[in-house]
1. Test of understanding: among Gly268, Gly289, which residue is modelled with pLDDT under 95, open to solvent by 20 Å² or more (accessible area, probe 1.4 Å) and not assigned by TED's automatic domain parsing to the domain that holds Asp61?
2. Would you confirm, using the coordinates I've provided, whether Ile273 is open to solvent by less than 10 Å² (accessible area, probe 1.4 Å) and under 19 Å from Arg72 (Cα atoms)?
3. Residues that are under 26 Å from Asn249 (Cβ atoms): find the helices (runs of 4 or more DSSP H) completely inside the range 1-115 holding 1 or more of those.
4. Would you point out which residue out of Thr340, Thr304 is modelled with pLDDT of 95 or more, open to solvent by less than 40 Å² (accessible area, probe 1.4 Å), among the hydroxyl-bearing types (Ser, Thr, Tyr) and farther than 21 Å from Gln269 by Cα?
5. Which members of the range 13-39 meet the condition of being of a type in the set (Val, Ile, Thr) and away from the ligand (no atom under 16 Å from the Cβ)?
6. For Arg118, state whether it is within 16 Å of the ligand (Cβ to nearest atom) and surrounded by fewer than 21 Cβ atoms within 10 Å (Cβ to Cβ).
7. May I ask you to verify whether Glu91 is in contact (Cβ under 8 Å) with a residue 24 or more places away in the chain and within 14 Å of the ligand (Cβ to nearest atom)?
8. With the condition kept exactly as written, say whether any residue in the range 118-127 is under 21 Å from the mean Cα position of the chain (by Cα), farther than 28 Å from Pro11 by Cα and basic (Lys, Arg).
Amino acid sequence: MEERVANWIRPEIRALSAYHVQDASGLIKLDAMENPYTWPEDLRREWLERLRSVDVNRYPDPQARDLAQELRSAMQVPRDMALLLGNGSDEIIQMLALAVSAPGRSILSVEPGFVMYRMIAAWCGMDYVGVPLREDDFSLDMPALLQAIRAHQPALVFLAFPNNPTGNLFAEADMLAVLEAAPGLVVVDEAYAPFADSSFMSRLGQYDNLLVMRTVSKLGLAGLRLGLLAGPSAWLEEIDKVRMPYNINVLTQATARFALEHHQVLDGQTAAIRRDRQALFEALQSMDGMFPYPSQANFILVRTASGRAQALFEHLLHNGVLVKNLHGGHPLLEDCLRFTVGKPEENRQLLKLVEGFAHG
Ligand SMILES: *Cc1c(COP(=O)(O)O)cnc(C)c1O
């Protein structure tokens, strides 16, 4: 059987390792950029009441029109721009790749960056080009980036703004230079928009190759799987042709609408996370051997003293706190861990353990 598998599964798929998610049962979960807050009981009751009227025997609205309207206003999508919804922004990345894929075509992004760009390029038979960020501050290395764009003529460029796992916003002037230079589409992935002070949404239309991608995952609805792509209809009408007809299920449509109608609750939560991010950053900065990077997202990238990241990761895990260990993932992430900002008591527990580790 192995031989048959090897004969038929494409070599680039066999070379991949499946996206690994660590079991977090019983742990304080600070590894996946989730909003740590649940909904107040009265809101939960109202939501369940709303779901009572959802007919699961019927297919969902294939265009999710009511939800799209709600998303337009929540995310300030310019009126003259089109909208495309996906089962998470992961599915949108896949739709984009499917729509442009052809032998020899490439997806270009920066490294360290979001791993799905590379994985989906492989799934869709595209080449992937990863251009390293600058070592000192994770900014765009413009000479290298422009050179790579010239050399590879990528069909798709993905720039996460803020970037994951580094947490920084790239300079807008650099991003605009990429938009000018790129022959194909430039997708600005704004997964962390609720925590950032800057966005490209209002620039849609100024560049005919600019698309903006958002998700409700980091906002507090990761379990729903809902992302969106905004941009000129000439592009989105084509990309819509590779979308699964009913990709946003009825429960997601109803729940996301309900949540966005009560957006003050989510806004309050994200505002708290932004405040607590600042407190967490300052506390980490004051510790010996801990070097946090400034973040515009709901996580903080931290560099430990040389050779200490794995031991700190294990110390946290053994004491009930799961974070993301990035050491070994990319040369620029040597000795790095990523902490998602949690509830104040979770952050306190994290800080106490980090402090204990430094003195232990
Ligand atoms: C988390 C993340 C996403 C994920 O989005 P889903 O909508 O949950 O699929 C997309 N882009 C970046 C950069 C992320 O960090």
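1. Checking each option against the conditions leaves just Gly289.
2. It is false that Ile273 is open to solvent by less than 10 Å² (accessible area, probe 1.4 Å) and under 19 Å from Arg72 (Cα atoms).
3. 41-51, 65-74, 89-100
4. Thr304
5. Scanning the range 13-39 gives Ile13, Ile28, Thr38.
6. yes
7. yes
8. no
The values are calculated or read from the model by the stated rules, or taken from the named source; none is laboratory data. Note that this is a predicted model, so its numbers are computed, not measured. When we count neighbours, we look across all protein chains shown, and the Cβ atoms used for this are built from the backbone with ideal geometry, even at glycine. Just so you know, the surface numbers come from the protein's heavy atoms only, side chains and all, with ligands and any DNA or RNA stripped out. Shrake-Rupley method; radii C 1.70, N 1.55, O 1.52, S 1.80 Å.
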